[in-house]
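Here is the structure we will look at, set down as structure tokens.
The values are calculated or read from the model by the stated rules, or taken from the named source; none is laboratory data. Note that this is a predicted model, so its numbers are computed, not measured. Quick reminder, even Gly has a Cβ in these numbers, built from the backbone with ideal geometry, and neighbours come from all protein chains shown. Side chains included, ligands, DNA and RNA excluded: accessible areas come from the protein's heavy atoms. Shrake-Rupley method; radii C 1.70, N 1.55, O 1.52, S 1.80 Å.
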Amino acid sequence: MPINDNKVVTIHYTLKDEHGDLLETSEGDEPLAYIHGIGNIIPGLELALSGHDVGDRVEVTINPEDGYGERDDERVQVVPRAQFENMDELDVGMQFHAETDRGVEIVTVVKVDGDDVVVDGNHPMAGQTLNFDVRVVAIRDATPEELDHGHVHGPGGHVH
Ligand code: ZN
């Protein structure tokens, strides 16, 4: 059963940046399960995995436009410390869900300077060329409920 739209695909992956430095890996941890063809993963990786089968190893280099997009400096904003009044500690690297012009986004604190907090709404991997090394572990049909929710249930997915 090759990878195709609406299949639940389970993969182990190692992700390195353009310099070969490790960014993420699932090896030694739980594999990742996603629904193919609905944008659960970045477009470049979805395209590279299409048609592959269990046991295949896929190595692919993905440009920012097929990954997490180019960096957009307008997504870097200075917000007053008072907006984080429920936070006793505010440190660089903390991530929040924030209401923005583009809807709810995850922003990362990149600088705290007195009453000014600089947050970055770019994905942490925006602008990066990504090198994936993927092993296809399992493929099955998504259930109607999973397709309705837009995510995988069970191992590697959502529990609810
Ligand atoms: Zn669900």
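With (1) away from the ligand (no atom under 16 Å from the Cβ); (2) touching a Pro at 6+ places or on another chain (Cβ under 8 Å); (3) not in a strand (DSSP E or B) as the list, and Gly156 as the residue in question, which single condition is left unmet?
Looking at each condition in turn, Gly156 falls short on (1).
Name the single residue, out of those in the stretch 73-99 being open to solvent by 60 Å² or more (accessible area, probe 1.4 Å), in contact (Cβ under 8 Å) with a residue 24 or more places away in the chain and closer than 30 Å to Leu15 by Cβ, that is nearest to the chain's Cα centre (by Cα).
Arg75
Out of the residues in the stretch 39-72 that are in contact with a His (Cβ under 9 Å, 6 or more places away or on another chain) and among the hydrophobic types (A, V, I, L, M, F, W, C), which is farthest from Gly156 (Cα to Cα)?
Val58
Going by the conditions given, is Arg102 open to solvent by 90 Å² or more (accessible area, probe 1.4 Å), assigned by TED's automatic domain parsing to the domain that holds Asp17 and among the basic types (Lys, Arg)?
It is false that Arg102 is open to solvent by 90 Å² or more (accessible area, probe 1.4 Å), assigned by TED's automatic domain parsing to the domain that holds Asp17 and among the basic types (Lys, Arg).
Away from the ligand (no atom under 16 Å from the Cβ), out of contact with any Phe, Trp or Tyr (no Cβ under 7 Å at 6 or more places or on another chain) and not assigned by TED's automatic domain parsing to the domain that holds Ile11: which single residue out of Val136, Val79 fits that description?
It is Val79.
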